[in-house]
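The values are calculated or read from the model by the stated rules, or taken from the named source; none is laboratory data. This is a predicted model, so every value here is computed, not measured. All Cβ positions, even for glycine, are placed from backbone atoms using ideal geometry, and neighbour counts span all protein chains on display.
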Amino acid sequence: MIKSFKPALSAVALSLAMLSQGAAAAEEQFFPLIDYRVGPYGSNGQAFYGGFIDYLNYVNLKEKGVNGVQMTYEECETEYNNAKGVECYERLKSKAAKSAGPLHTMSTGISYALIDKSAQDKLPLAMMGYGRTDAVDGSVFPYAFPLVTTYQMQASAIVKFLKDKNGGSLAGKKIVYLYHDSAYGKEAIVALNAEASLNKFEMVQIPVAHPGNEQGAQWLKIRQEKPDFVIFWGWGVMNQTALKAAQKVGFPRDKMIGSWWTGSEEDVVPAGDAAKGYMAATWNVAGKQVPVIADIEKVVYGAGKGNLQDPSKIGTILYNRGVSAAVLSVEAIRKGQEKYGKGKALNGEQTRWALENLNITDARLKALGATDLLPEIKTSCDNHEGSGKVKIQQWDGAKWVPVSGWIEGNKGLIHPLFQASAKQYAKEKGITPRDCSKEK
Amino acid sequence: MLYREAGQFKTTYAADQQLFPIRQDRIGVITLLVVAFLGVPLFASEYWFSAILIPFLIFALAALGLNILTGYAGQLSLGSAAFMAVGAYAAYNFQLRIEGIPILVSFGLAGLTAAGVGILFGLPSLRIKGFYLAVATLAAQFFIVWCLTKFPWLSNNSSSGVISTQQLIIFGHELTTPVEKYLLVLSIVVVMALAAKNMVRSTTGRAWMAVRDMDVAASVIGIRLMPTKLLAFAVSSFYCGVAGAMYAFCYLGSVEPDGFSLEMSFKILFMIIIGGVGSIMGSFLGAAFILLLPIFLDITLPFIADLFGLPFSSATVSHIQITVFGALIMFFLIVEPHGLARLWQIAKEKLRLWPFPH
């Protein structure tokens, strides 16, 4: 059975050997990019990783790297497939042994599969707005960072927004939670249930089966329930379908609030008129008015080093989100260099320390030209999230307009949920949590 | 020349009926096992274990399971990934809910659970055949994934439905490194593959093949269709279930129901079509082809591109990889519709007669 396996084996080994020859020279900060540009979510990946890579190049061009350390990267295509993600991770791992920036997989499934492995290999795993949310508790998950905010905190922030909009109380109101029936959609339920009992509103859960391109029954139910608001956790084609269905049954779109994976141009433009007035959470604004985005276009694309094949994507929500992820990663490198020596590349362990000790203030964001691309972030051992804030934006028919300031979810309510879940995980896995009071 | 059998005389029935009747085959298989158990752990890197060898073995086992059902018993099934999911979740729950249960026992019970579910979804096979049966097994695919998402108890009330597997402890020793996991997977796969090889040449296997070739004729010569078909479903699902448990515990470490998609079932089906329907070796060849070729292309294409100075982005490489992969599948199916195993068999026949073919 191995007879035809052997030649393939040696050929791969040969090509691997060739790969390792091109290993990074000294003082380059390497970013292993486990990304996707083809497959069902390829267009999302193109915008996100395009933004990410453009910012790395921007740092290289504009300030000759971080204290002289050039940012380098290598991509590996996962097609949003978990097994391929693991293969990519293993392939890039050896190259990331010397120097490694945070891993961004943009896939909950892949990050779940990498949580244990990355901790073993001492490579920090960033999960910005996806992934394992109870990793907020860094005592159990030293190498996993659900940065900026999590689904649960987002749900809580959306409830808070609705509450403020409704004169400070939601008592007796009815909220429908319309969600993608998958790991992603179910994450927020526990937070919404907690909010419902706290704020005394009634919550009705309505799942939509993947891919969600037929929602007639769900919206009929919504019409019968006559809810005051719909909180919407969609994904891919489900988003535009929901907006069109809402229009059909006459449910006002300005009473629908979606998660941050329902609030990109790709989600609303295909819905046309039906999307007008629809709101969604986000942690980064869209548009080129953000100074750093405009500057990237000028510096990187001016030099002909832009990563996007379709430059019209610059300034879209997902492109800006990619830039925000890169800003955060590069700031972590900067922070790490302060401790471990300026002008030196950081290895995975050092980057991990940096991610755990981030302190990105509004002043710093302003200096970077990245105001509103990120909320303020301050991480610590027991808070790997660092912010928990979102903005609500509204689609005016042509562009996304922010309609709120930064709203923080109810940390006192949500974070204990994470800790309980992390504790259970530690028990199952036989992990002894770190003592956060001893970390500095 | 390699396969010259001159001087190999079989003087006993036992020698005539053994698993590998040709001496060269026996030597080959033993060498292979020695290399796999001793040589590979010495030389392979961590990447090889975690990204290539472990998934290869696991998928080979799943393909073997499907091959028993489709290749030997002739029942087309599109539910292999779902049976793997049953195995994965069952093993997780046995570990979780029974204090101190050994992991291998969990794997065995997971296989049995999958076998039970397999029998349930095999019932329609008594009435419907061929493509219609494939559609019926499609129900298993959707129902099981739905069921695992629907009932939170199955994933221990995880908010997302994702399970994270427990530690692998065998005789008080925790398996953490990829080498140890590889050896565990390899041992299980070798034992199960040998069992399958024996099974298909036993009465059971012959009954399966009779049913495959013509079930009316089989029932006329006294083979009872219902137990035979259901046994095929049970054994096949058992193999898939164990493969699923290993997929969760030894490979990914955390799985979600959606991961066991129809796409994965198709992949396993393609493995046996490419490798060889009705061949144990074909399952391994097919798994190797489907899993390793894309990775191989993925790694070599950028070099070829560099060589000719072509500006390939990672997306282009991916697209080319899919195209080349598809073209190769078509090529192999045109050249040899019976799969890679048949190619090997033809080569072997020729070698046995060489240099005097008649």
Looking at A:L346, A:L355, can you tell me which residue is in contact with a helix residue (DSSP H, G or I) (Cβ under 6 Å, 6 or more places away or on another chain), part of a loop (DSSP other than H, G, I, E, B) and modelled with pLDDT of 90 or more?
A:L346
In region B:327-358, residue surrounded by the most Cβ atoms within 10 Å (Cβ to Cβ) [restricted to those that are among the basic types (K, R) and away from chain A (no Cβ under 12 Å)]:
B:R342
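Quick check on my filter: what residues within region B:40-51 are in a helix (DSSP H, G or I) and within 11 Å of chain A (Cβ to nearest Cβ)?
B:V40, B:F43, B:E46, B:Y47, B:W48, B:F49, B:S50, B:A51
Just need a number here: residues in region A:170-214 that are of a type in the set (S, T, N, Q) and at pLDDT 90 or above.
Going through region A:170-214 one residue at a time, the tally reaches 4.
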Out of (1) of a type outside the set (V, I, T); (2) surrounded by fewer than 20 Cβ atoms within 10 Å (Cβ to Cβ); (3) over 24 Å from B:A82 (Cβ atoms), the one B:A207 does not meet is (2)
Answer from A:I34, A:I53 - the residue that is touching a residue at least 12 places away in the same chain (Cβ under 8 Å), in contact with a His (Cβ under 9 Å, 6 or more places away or on another chain) and either surrounded by fewer than 24 Cβ atoms within 10 Å (Cβ to Cβ) or within 14 Å of chain B (Cβ to nearest Cβ) (or both):
A:I34
Is it the case that some residue within region A:394-417 is in contact with a Lys or Arg (Cβ under 8 Å, 6 or more places away or on another chain), surrounded by fewer than 22 Cβ atoms within 10 Å (Cβ to Cβ), among the hydroxyl-bearing types (S, T, Y) and in contact (Cβ under 8 Å) with a residue 24 or more places away in the chain?
yes
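Conditions (1) within 24 Å of the chain's Cα centre (by Cα); (2) of a type outside the set (D, E, K, R); (3) away from chain B (no Cβ under 12 Å), marked per residue:
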residue	(1), (2), (3)
A:N57	yes, yes, yes
A:N67	no, yes, yes
A:Q70	no, yes, yes
A:N81	yes, yes, no
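Looking at B:S202, B:S187, B:S219, which is the one that is within 21 Å of B:G244 (Cβ to Cβ) and either out of contact with any Cys (no Cβ under 9 Å at 6 or more places or on another chain) or surrounded by fewer than 20 Cβ atoms within 10 Å (Cβ to Cβ) (or both)?
Numbers: B:S202 fails: within 21 Å of B:G244 (Cβ to Cβ); B:S219 fails: within 21 Å of B:G244 (Cβ to Cβ).
Just one listed residue meets the conditions, B:S187.
Does A:G168 satisfy the criteria of being over 21 Å from A:V327 (Cα atoms), surrounded by fewer than 24 Cβ atoms within 10 Å (Cβ to Cβ), more than 14 Å from chain B (Cβ to nearest Cβ) and not basic (K, R)?
yes
Results for (1) in a helix (DSSP H, G or I); (2) surrounded by 17 or more Cβ atoms within 10 Å (Cβ to Cβ); (3) outside the structural domain of A:A326 (by TED's automatic domain parsing), shown as yes or no for each residue.
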position	(1), (2), (3)
A:M238	yes, yes, yes
A:A246	yes, yes, yes
A:D254	yes, no, yes
A:W260	no, yes, yes
A:G263	no, yes, yes
A:D273	yes, no, yes
Members of region A:37-50 found to be part of a helix (DSSP H, G or I), within 11 Å of another protein chain (Cβ to nearest Cβ) and crowded, with 21+ Cβ neighbours inside 10 Å, listed by number:
A:G45, A:Q46, A:Y49, A:G50
Any chance B:V324 is under 22 Å from A:Y89 (Cβ atoms), part of a helix (DSSP H, G or I) and either modelled with pLDDT of 85 or more or at the interface with another protein chain (Cβ under 10 Å from one of its Cβ atoms) (or both):
no
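If a residue must be assigned to a helix (DSSP H, G or I) and among the acidic types (D, E), how many such residues does region A:279-322 contain?
2
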Restricting to region B:153-189, name every residue that is β-branched (V, I, T) and either over 30 Å from A:P207 (Cα atoms) or assigned to a loop (DSSP other than H, G, I, E, B) (or both).
B:V162, B:T165, B:I169, B:I170, B:T176, B:T177, B:V179, B:V185, B:I188, B:V189
So which residues in region A:187-214 are buried (at least 23 other Cβ atoms within 10 Å of the Cβ) and touching a Ser or Thr at 6+ places or on another chain (Cβ under 7 Å), if there are any at all?
A:E187, A:A191, A:E195, A:G212
Can you tell me which of (1) over 30 Å from A:Q350 (Cα atoms); (2) within 11 Å of another protein chain (Cβ to nearest Cβ); (3) small (G, A, S) is the one A:G131 doesn't meet?
(1)
When you scan region B:109-132, do you find a residue that is surrounded by fewer than 24 Cβ atoms within 10 Å (Cβ to Cβ) and either charged (D, E, K, R) or within 14 Å of another protein chain (Cβ to nearest Cβ) (or both), even just one?
yes
Taking the residues in region A:8-31 that are modelled with pLDDT of 90 or more and more than 14 Å from every other protein chain (Cβ to nearest Cβ) as candidates, determine which candidate is farthest from A:K342 (Cα to Cα).
A:F30
Residue check: is A:Q350 closer than 30 Å to A:P270 by Cα, away from chain B (no Cβ under 14 Å) and of a type in the set (S, T, N, Q)?
no
Out of all the residues in region B:275-286, is one or more away from chain A (no Cβ under 14 Å), at pLDDT 95 or above and surrounded by 24 or more Cβ atoms within 10 Å (Cβ to Cβ)?
no
Restricting attention to region B:50-87, and to residues there that are of a type in the set (F, W, Y) and within 23 Å of B:I163 (Cβ to Cβ), which single residue is surrounded by the fewest Cβ atoms within 10 Å (Cβ to Cβ)?
B:F59
Looking at region A:201-214, I want the residues that are within 14 Å of chain B (Cβ to nearest Cβ) and have a partner that is part of a loop (DSSP other than H, G, I, E, B) and surrounded by 15 or more Cβ atoms within 10 Å (Cβ to Cβ) with Cβ atoms under 7 Å, at least 6 apart or on another chain. Which pairs are those?
A:P207/A:D181; A:V208/A:D181; A:V208/A:Q215; A:A209/A:D181; A:H210/A:D181; A:H210/A:S182; A:P211/A:G236; A:G212/A:G234
Identify all residues within region A:58-104 that are on the phi < 0 side of the Ramachandran plot, in contact (Cβ under 8 Å) with a residue 40 or more places away in the chain and among the acidic types (D, E); write none if there are none.
A:E74, A:E75, A:E77
